[in-house]
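Below: one structure, written as structure tokens.
Read the figures in this text as sums done on the coordinates, not as results from a lab. Everything numeric in this text was worked out from a predicted model, so none of it was measured. No Cβ is skipped: glycine too gets one built from the backbone with ideal geometry, and neighbour counts run over all protein chains shown.
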Amino acid sequence: ERPLWQQEAREEFPIVTAHPELAYLDSAATSQKPRAVLEAVQTYLTTSNANAGRGTYPWANRTTELVESTRERVKEFLHDPEPGRSGVHFTSGATEGLRTVARDWLVPYLRDGDEILVPYADHRANLDPWLEAQRLLAERGVQVRVQALPYQAGSGDYDHVALRQAVGPRTRFVAATHVHHVYGGDMNVHRIREAVGPDVAICLDAAQSVGHLPVHLDDPSLDVDFVVFSGHKVMALPGSGAIWARNVRGPAFLPEGWQGTPNTAGIVSLRVALDWLDAIGPERVAHWTTMLSTRLTDRLGRLRPYEIVGCQASLPADSALPAEQRRRGIVTFRHRDIPSDDLGFILFSHGFMVRADSMCQAGSDGRDASVRVSLHVYNTVEEIDRLLAVLASLA
Ligand code: PMP
């Protein structure tokens, strides 16, 4: 039930192994860091810390080289088919990444009368920047129509049929999410490209997919123009992240303005984190967390007072994927009688660290709180079963 590679991988996380009585079940918020990442940061800061792109002495050269090679590492990790034509820009995380694409690429790209489609029920980091872009353009007299990317009622997936109908001759851009941070489902990005056609730019919020499942840009089913993710969710330090840009549709993407000192330690950590994840294998990570979340969903679904939120609850009839494959290590639920924040406290009193609020979901009024269990490679079947036992005792 517990493969050797997983036991060994878990041992790499000092914070996890130091607290066997606790279970960290909040990796969608941020991931824990393997020893290799912690050591690499320490080594970098104690042997060659300097600024990047400035200075000509060895530490500065080494820092510049680390930053530049991390750009290539990101492309490689994402299986970029044309690394010579793409760009990687470092950010502090997905929020800054999406804001940068909106401000520095979308605003100059759009013309009066253009249309964009954006998600209104995903993470607010993937909504606010696009609305802000619309406002900025309106101030300049450029009117852009923003449409809601349609969802299938109750399924937690986009409605790709309605999307096809929503696309018009002036549609220029779609912002989508790869894996939903509350519903835990794969948002079937390949169907977005099918629906919008080849000329519409797609920006993918991959905050919950990179590091959790294979993200292969050389796969024609993942034909997107931007991929944005956070370093801290892929086992690197907080304050790191990246934008990958294909630079094929529209003007080349170069963030505007003076670029200050980058987060060099964060970038070093990102490079080592991607090495670590590649050595484990994103397929294995995806298989493991999908197995754990399927186990939790199936058993929780049989406990009467719990309602599972998102795609697990009702799979769209025409979904191309079976339920098993659509659960990506995130399970969100509510108890019929116990408010979610109370449930969060109860679970922590038993050693489970979960998220219990409305999770920055766009459009949330704060009254729709739920409990989210999100998993990574270090979590175990034993943790899930312990959690289920506590949840069952509250049933
Ligand atoms: N998008 C999604 C889907 C997320 O889950 C998150 C983080 N919860 C973000 C964007 C924002 O990421 P960050 O806070 O690292 O900027």
Give me P(r) over the range 6-129, computed from all C-alpha to C-alpha distances, binned every 10 Å, as integer percentages. 10, 23, 32, 25, 9, 1
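Any chance you could tell me what percent of the C-alpha pair distances in the range 255-302 go past 15 Å? Walk me through the numbers before you get to the answer.
Numbers: 750 of 1128 pairs.
Roughly 66 percent, rounded to a whole number.
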Considering the chain as a Gaussian network with a 10 Å cut-off on Cα pairs, which listed residue, Leu303, Leu98, Leu127, attains the greatest mean-square fluctuation? Leu303
Taking amide H positions as placed 1.01 Å from N in the peptide plane, with prolines and chain starts having none, which residues 5 or more places from Tyr151, or on another chain, fall under 5 Å of its amide H? Asp159
If you take the alpha carbon radius of gyration of the range 40-279 and divide it by 2.2 N^0.38 Å, what ratio comes out, to two decimals? 1.03
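Taking loop as defined by DSSP and a crowding limit of 12 other beta carbons within 10 Å, which trypsin sites (Lys or Arg not before Pro) in the range 65-139 fit?
Arg85, Arg111
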Taking amide hydrogens as modeled 1.01 Å from N in the peptide plane, which residues meet the under 5 Å criterion relative to Ala23, leaving out close sequence neighbours? Phe352, Met353
For the range 344-353, Karplus-derived ³J(HN,Hα) couplings (6.51, -1.76, 1.60; θ = phi - 60°; whole Hz; x for glycine and proline) come out as x, 5, 4, 5, 5, 5, 9, x, 9, 9
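Just from its helices, what would the mean residue ellipticity at 222 nm be for the chain, if runs of 4 or more DSSP H residues each count -39500 (n - 2.57) and the sum is divided by every residue, rounded to the nearest 500 deg cm²/dmol?
Working: 13 runs with 142 residues, N = 395.
When only DSSP H runs of four or more count, the value is -11000 deg cm²/dmol.
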Distance in nm between label sites at Arg54 and Leu4, each 7 Å beyond Cα in the beta-carbon direction? 5.0 nm
Amide hydrogen neighbours beyond the local backbone of Asp368, cut-off 5 Å, H modeled: none
Calculate one ³J(HN,Hα) per residue across the range 188-194 by plugging θ = phi - 60° into the Karplus curve 6.51 cos²θ - 1.76 cosθ + 1.60, and present them in order as whole Hz with x for glycine and proline. 6, 4, 4, 7, 5, 4, 4
